[in-house]
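These notes concern the structure reproduced below.
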Amino acid sequence: MDSASALLNANASGLGDGLKQSQVDLLKPISVGDLLTNFAGTSSGYRPAAVAFVLTWIALCWPWLSGQWTIPFDAKAHFQAQIQFLAQALHSQQSPFWTPSVFGGSPQIADPQSLIFSPAILLALLSPSPSFREVDAYILLHLLAGGLALLMHFRDRKWHPAGGVLAAIVFAFGASASWRVQHVGQIASLSYFAIAFWLTSRMLLRNSTINGVLAGCAASQMVIEPDQVALLGSYVLIAMVLAHWMSGGWLAIRSSFVPIMAGGLAGSLIISLPLLWTWLFAEASTRPEVDFVEAAHGSLHPASLLTAFVADLFGARDPSVQFWGPASASWKDKGIYLSQNMGQIYLGALPMLLIIAPGLTRGWVWDKPVRSTTTLLVFMVLFALGWYTPFFQAFYDYLPGVKVFRRPADATFLFGALGAVVSGYVLHRLLTTEKMGSHKRDLLVSACLVGAAVALGLVISSDKGHLTDAWWPSISAVSWFGASILLIGIMLRWRTTTAPLVSVLAVASVVGADLGSNNGINESTALPPKLYDVLRTETRNETVRKLKQLLSQPIGSPRRDRVELLGLGFEWPNAGLVHGFDHTLGYNPLRLADFSEAVGTQDTIAEPNQRKFTPLFPSYRCRLADLLGLRYIASPVPITQIDGALREGDLKLVARTQEGYIYENPRALPRVQFVGGWQLADFDGMKATGRWPDVDPHQVVLLEAEPQGAPPEEALAARAGVTLSRYENTEVEIDVTATQAGFIVLNDIWHPWWRAEVDGVETQILKANVLFRAVQVPVGSHKIKFSFRPVEGALAELRDRVFPQEADEGVPLKPEILEQIIADGPSGRIPLSLPGLSSAARDALNLGKSDRFVEPRPQSSATGTAKAW
């Protein structure tokens, strides 16, 4: 009883000690006033701390908020285009769940970078064409929210507000949060991690069910569009709970069990379906798993740790210095594939100084309140170093989820966040601990470590022939560490007579100036908006205007031509999402493997040499290009420099623009066709060899399995009137009038989540011509509707994976028939003239008996050699 009483009255400063308010705060909610106006905490310091942080955020973000600069690279080439597609879909009353604009078609709802399940959807709802400035503000607001969450964490624990404002600023502008702000998904995950970190801590501190539910919601938002930051953040949250249980024992487990279960349930309800979509997409993608070597190529080089002391040691920020750090030509180590900004981990001089002394020298980083945080900080460093330590192999083999992501250096995001918490706590201890004694040893140790780091950087720079480039960053680093020592001395000298407000303002000013100077705008994080003009809906770009003109078709036309934007620049591959082009390629690490293997896609197509041809797509003069309806190719160089197999007359030059050349493929087929005949084919074999059966695609559709009730395999010249009456992201409607039974072939990518109806009756979508969709239609006039149904499709796919069904050889599984009727013929009667129906097929379709009976043909492989097309 005494021990339990002692536990209940334990100090709430540790992760495992927060039990004393369990009865009072069990169901205590978080009010708006809690977040916005009641930062007072144990003193009046948290309200000015919040104001100081917000003002620092505005000052450091102003270059982007003003519109003078824009966040470049992925933030524009990928995420700006994604938000624009989302906005256009919503404002045109279409679903954004599928896009035809990249890689021949892609399930946006399953793409973790589509931003459908993020707050970006609010921006998309507000504006049909979000500007660069609006999207940049949306990105930067994540950092503001995460910083405020850490301030609340410090307030809850009654730590000094100066430590809170230090943690908030370092979180928002230190390490990768600043240097990799263009990686929008990871910035969002980092922000939600900070919120979930605060709410999880509060849940454990107060044993509050409401806070548990909120923590679960925040954690679900962190992982709903998964990336490696979200994965590592999940491990941190789990470690927080385990540390609480280990510290508090059975009583801690019992008292926190209900809040934790409530949070887990709330989070699971939010993320279950989105994660199922993403998992199924990843399984069908080019990257279901990343092998160890590929993942390890994204390791942080040990030399990059020096940037924690000398911010711009390798010239990543100075445009007058050619970057010479790891992964550059100056290093013999060619085993890492990181951009120059990915190795920057500068937290600021004051945070690093505090972690060293008195954090390490006095053991404060191992205090109970931050012991687990410090341990996780060390883990993040080891994880980021990847194959440069013996630990990453174990991480890769035994930690769930690690095999899915390719860059251990992403742990630098969490290094910044956890480093912010630890350094802020040490500052709290420094400003509140009485009788600390002499600081001479602290100063000596910190001076030695900082001096050693600076000296090592100079030695390495000399060895690489960049000593002159390293002098000024080294001098600047020594100056900032000197200023930080002076600041600590002033705060210690007058801490008993100075209000917390002075400490808060001093820390915000010095750290803000430091990070603004060393982690501020640079060529990796800020470029002129005009460089990305092609991604504006209102662009006057000549190539975009010409393509729109060429692609226009009259209403009802069966044509919907595709384009290929071949190496026009980094900002071009996803331009189709902005301007409505149906692009055969794009920019995304996740692509459907079936399409990629056939067409030859890469992560991006920023340069002409990134176009990789395949056996099935060996040249722009090939059958697959025609079936895709690839009619126009825009290239910065003459097309024969990229495709040496082309002969004169294969493509026609139709325009010359400032960006390059636009060629026409005159053989490109319409998006929708009617054909009378069919033939079996081995699609996997065709992709491997590039050999097509000797058939005419105007007369024969290739199928991988014999369709139910089909006529015999043969080429049939068929005439039909075909109208593409409606084409939207997730709905396609086709009107056909046919003089004989046959197949409607929609040259859109086959995907298991699409469904089809003929005159309102669900029918099976056949995989046709390797990549595309086909449905059987009887003689007469009919309406065919294709609909993308991700919920139904994903659940059916999951069911088939869990409970696989056996099918007769060569015969696909019978689709569920919702009504015992099929489309009527011209006379209004059930068309008994479909040739080749077996009695079993007729019975299945309720067609009754027929005088004509043809036995089902056994499955056979299509043979024949490919002919010129």
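The values are calculated or read from the model by the stated rules, or taken from the named source; none is laboratory data. In this text, all values refer to a predicted model and were calculated from it rather than measured experimentally. So basically every Cβ, Gly included, is an ideal-geometry build from the backbone, and we count neighbours across all protein chains shown.
Suppose we keep only residues that are over 43 Å from the mean Cα position of the chain (by Cα), among the basic types (Lys, Arg) and part of a helix (DSSP H, G or I) within the stretch 421-448. Which one would you say is surrounded by the fewest Cβ atoms within 10 Å (Cβ to Cβ)? Even if it seems obvious, please write down each step before you answer.
Initial filter on the stretch 421-448 (over 43 Å from the mean Cα position of the chain (by Cα)): 433-444.
Now restrict to residues that are among the basic types (Lys, Arg): 435, 440-441.
Those still in the list that are part of a helix (DSSP H, G or I) too: 440-441.
Details: Lys440: 8, Arg441: 13.
The extreme case among them is Lys440.
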Task: Answer residue from the stretch 753-809, given it is closer than 30 Å to Thr739 by Cβ and charged (D, E, K, R) and is surrounded by the most Cβ atoms within 10 Å (Cβ to Cβ) among those - done: Arg773
TODO: Restrict the check to the stretch 547-562 and report whether at least one residue is surrounded by fewer than 23 Cβ atoms within 10 Å (Cβ to Cβ), among the β-branched types (Val, Ile, Thr) and over 22 Å from the mean Cα position of the chain (by Cα).
DONE: yes
Task: Neighbours by Cβ (under 6 Å, 6+ apart or cross-chain): first from the stretch 321-340, within 20 Å of Ala311 (Cα to Cα); second assigned to a loop (DSSP other than H, G, I, E, B) and among the basic types (Lys, Arg) - done: Trp324/Lys464; Ser330/Lys464
Task: One residue from Ala483, Ala455, Ala470 being loosely packed, with under 12 Cβ neighbours inside 10 Å, assigned to a helix (DSSP H, G or I) and assigned by TED's automatic domain parsing to the domain that holds Arg371 - done: Ala455
Open item on the list: Which count do you get for residues in the stretch 363-380 that are outside any helix (DSSP H, G or I) and touching a residue at least 60 places away in the same chain (Cβ under 8 Å)?
Closed with: 1
TODO: Being crowded, with 17+ Cβ neighbours inside 10 Å and touching a residue at least 60 places away in the same chain (Cβ under 8 Å) is the filter; apply it to the stretch 640-656 and report the residue that is nearest to the chain's Cα centre (by Cα).
DONE: Ile642
TODO: Test Thr723 against the criterion of being farther than 18 Å from Asp594 by Cα, in contact with an Asp or Glu (Cβ under 6 Å, 6 or more places away or on another chain) and surrounded by fewer than 22 Cβ atoms within 10 Å (Cβ to Cβ), and give yes or no.
DONE: yes
Open item on the list: Among (1) part of a helix (DSSP H, G or I); (2) closer than 25 Å to Pro589 by Cα, there is one condition Pro226 misses while meeting the rest; what is its number?
Closed with: (1)
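Check whether at least one residue in the stretch 398-417 is part of a helix (DSSP H, G or I), in contact (Cβ under 8 Å) with a residue 60 or more places away in the chain and surrounded by fewer than 20 Cβ atoms within 10 Å (Cβ to Cβ), and report yes or no.
To start, the set of residues in the stretch 398-417 that are part of a helix (DSSP H, G or I) comprises 398, 402-404, 408-417.
If we keep only those that are in contact (Cβ under 8 Å) with a residue 60 or more places away in the chain too, we end up with 402-404, 408-417.
Still in the list and also surrounded by fewer than 20 Cβ atoms within 10 Å (Cβ to Cβ): 403-404.
So far as the stretch 398-417 goes, yes, one or more of its residues are part of a helix (DSSP H, G or I), in contact (Cβ under 8 Å) with a residue 60 or more places away in the chain and surrounded by fewer than 20 Cβ atoms within 10 Å (Cβ to Cβ).
Considering only residues that are β-branched (Val, Ile, Thr) and over 15 Å from Met222 (Cβ atoms), look in the stretch 169-188 and name the one that is nearest to the chain's Cα centre (by Cα). Don't jump to the end; show me each part of the working.
First, pick out the residues of the stretch 169-188 that are β-branched (Val, Ile, Thr): 169-170, 181, 184, 187.
Applying the additional criterion that residues be over 15 Å from Met222 (Cβ atoms) yields 169-170, 181.
Numbers: Ile169: 25, Val170: 24, Val181: 13 Å.
Selected residue: Val181.
Residue-by-condition table, conditions (1) buried (at least 19 other Cβ atoms within 10 Å of the Cβ); (2) in contact with a strand residue (DSSP E or B) (Cβ under 6 Å, 6 or more places away or on another chain); (3) polar (S, T, N, Q); (4) at pLDDT 95 or above:
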residue	(1), (2), (3), (4)
Ile633	yes, yes, no, yes
Pro638	no, no, no, yes
Ile662	yes, yes, no, yes
Val672	yes, yes, no, yes
Gly677	yes, yes, no, no
Met686	yes, no, no, yes
Pro711	yes, no, no, no
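Just give me the residues in the stretch 581-599 being over 18 Å from the mean Cα position of the chain (by Cα) and at pLDDT 95 or above, in sequence order. First the steps, then the outcome.
At the first step, the residues of the stretch 581-599 found to be over 18 Å from the mean Cα position of the chain (by Cα) are 581-584, 594-599.
Matches in the stretch 581-599: Asp582, His583, Thr584, Asp594, Phe595, Ser596, Glu597, Ala598, Val599.
Would you confirm, using the coordinates I've provided, whether Glu733 is acidic (Asp, Glu), within 22 Å of Thr584 (Cβ to Cβ) and within 34 Å of the chain's Cα centre (by Cα)?
Numbers: acidic (Asp, Glu): yes; within 22 Å of Thr584 (Cβ to Cβ): no; within 34 Å of the chain's Cα centre (by Cα): yes.
Spelling it out, it is not the case that Glu733 is acidic (Asp, Glu), within 22 Å of Thr584 (Cβ to Cβ) and within 34 Å of the chain's Cα centre (by Cα).
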- [ ] Return only the number of the condition from (1) outside any strand (DSSP E or B); (2) of a type outside the set (Lys, Arg); (3) closer than 21 Å to Asp582 by Cβ; (4) touching a helix residue (DSSP H, G or I) at 6+ places or on another chain (Cβ under 6 Å) that Pro666 does not satisfy.
- [x] (4)
- [ ] Run Leu144 past the list (1) closer than 16 Å to Leu515 by Cβ; (2) hydrophobic (A, V, I, L, M, F, W, C); (3) crowded, with 24+ Cβ neighbours inside 10 Å and report the number of the one that doesn't hold.
- [x] (3)
Open item on the list: Quick test of your reading of the structure: Val701 fulfils all but one of (1) out of contact with any Gly (no Cβ under 7 Å at 6 or more places or on another chain); (2) closer than 16 Å to Val777 by Cβ; (3) surrounded by fewer than 19 Cβ atoms within 10 Å (Cβ to Cβ); (4) among the aliphatic types (A, V, I, L, M). Name the failing condition by number.
Closed with: (3)
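Any residue that is in a strand (DSSP E or B), of a type outside the set (D, E, K, R) and touching a Pro at 6+ places or on another chain (Cβ under 6 Å) - is there at least one of those in the stretch 732-746? Reasoning before the result, please.
The first filter runs over the stretch 732-746 and keeps only residues in a strand (DSSP E or B), leaving 732-738, 742-746.
With of a type outside the set (D, E, K, R) added as a condition, the list becomes 732, 734, 736-738, 742-746.
Applying the additional criterion that residues be touching a Pro at 6+ places or on another chain (Cβ under 6 Å) yields none.
Looking through the stretch 732-746, none of the residues is in a strand (DSSP E or B), of a type outside the set (D, E, K, R) and touching a Pro at 6+ places or on another chain (Cβ under 6 Å).
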Open item on the list: I'd like the residue in the stretch 249-265 that is surrounded by 20 or more Cβ atoms within 10 Å (Cβ to Cβ) and without any contact (Cβ under 8 Å) to a residue 60 or more places away in the chain and, out of all such residues, is nearest to Ile238 (Cα to Cα).
Closed with: Ile260
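Test of understanding: among Val170, Val184, Val165, which residue is closer than 30 Å to Gly315 by Cα and touching a Pro at 6+ places or on another chain (Cβ under 6 Å)? Give the derivation first.
Working: Val184 fails: touching a Pro at 6+ places or on another chain (Cβ under 6 Å); Val165 fails: touching a Pro at 6+ places or on another chain (Cβ under 6 Å).
Of Val170, Val184, Val165, the one residue that is closer than 30 Å to Gly315 by Cα and touching a Pro at 6+ places or on another chain (Cβ under 6 Å) is Val170.
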TODO: Test Phe617 against the stated conditions and say whether it is under 30 Å from Leu115 (Cα atoms), aromatic (Phe, Trp, Tyr) and at pLDDT 95 or above.
DONE: no
